[in-house]
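This report concerns only the one structure given below.
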Amino acid sequence: MAVNTSTGFEASILGPSAFEAIFRGGCIEIRTGPQPETADMPATGALLARITLDGGAWQAGVSTNGLSFARNGRYVYKDAAQRWVLRGLAAGTAGWFRLVGNAPDAGGVSFDSPRIDGAIGLDDDSPGDFQMRLPTLAMATDTGIEIGEWWFAIPPL
């Protein structure tokens with residue numbers, strides 16, 4: 001599937017907030033199965049891992065270990081000063097991701113929560129509509145993968 005942005009994200013980015021403020025302190029969740037049809041829909045599949053600052057524990061509403069972003073024109077990047085690490089939480093096969101902000105998000109249907117969803121594929125140059133590529137899709141509790149680069153374009157490419 002293609003990248004999907006939530007109504008909450010779209011309303012915020014068109015209004016008073018910039019991308020880096022909307023998602024500051026948030027994390028990227030890695031989940032099993034196919035992504036939902038829209039980012040307004042509930043999260044599907046099992047939560048396998050999170051990408052956080054140094055792979056540390058993350059909790060909504062607490063800025064500890066949350067991600068930071070930098071912007072250049074219409075592109076948003078991983079803050080180069082941060083070390084992002086995917087840390088496994090459970091065993092399974094990665095299928096999709098959801099970027100969430102730091103504000104509490106119960107994961108259900110929401111037209112207010114900022115979210116960006118995308119598909120995950122292998123980092124082996126195989127064809128596919130993937131917004132994130134990883135060296136392995138097999139996740140386990142001891143999985144740790146450093147994320148060297150990350151970017152997002154507004155509007156998505």
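Out of [x] -0.58, -1.26; [y] -0.55, -1.52; [z] -0.38, -1.62, which label holds the value of log10 I(q)/I(0) by the Debye sum over Cα atoms at q = 0.11, 0.21 Å⁻¹ that was computed here?
The calculated read-out lines up with [z].
What are the trypsin sites (Lys or Arg not before Pro) within the stretch 54-157 that DSSP puts in a loop, where the Cβ has at most 16 other Cβ atoms within 10 Å? Write out the running numbers ahead of the final one.
Values: sites: Arg71, Arg74, Lys78, Arg83, Arg87, Arg98, Arg115, Arg133; in loops: Arg74, Arg83.
Sparse-neighbourhood loop trypsin sites (Lys or Arg not before Pro): Arg74, Arg83.
So which chymotrypsin sites (Phe, Trp or Tyr not before Pro) in the stretch 82-157 are both in a DSSP loop and have at most 12 other Cβ atoms within 10 Å of their Cβ?
Answer in residue order: Phe111.
Just check the stretch 99-157 against the gyration tensor rule for me: Cα atoms, a ≥ b ≥ c as the square roots of the eigenvalues, rounded for a/c under 1.5, and otherwise prolate or oblate depending on whether a/b exceeds b/c.
The shape class here is oblate.
I'd like the Karplus ³J(HN,Hα) series for the stretch 68-77: coefficients 6.51, -1.76, 1.60, θ = phi - 60°, whole numbers in Hz, and an x wherever there's a Gly or Pro.
So the Karplus estimates, Gly and Pro as x, are 10, 10, 10, 10, 9, x, 8, 9, 10, 10 Hz.
Tell me, which longest segment in the chain has none of the GluC sites (Glu not before Pro) that fall in DSSP loops with at most 14 further Cβ atoms within 10 Å?
38-148
FYI, it's all coordinate maths here, none of it is from the lab. Predicted model, so just to flag it, every value in this text is computed and none were measured. A quick note on method: Cβ atoms are made from the backbone with ideal geometry, for glycine too, and the neighbour counts reach across all protein chains shown.
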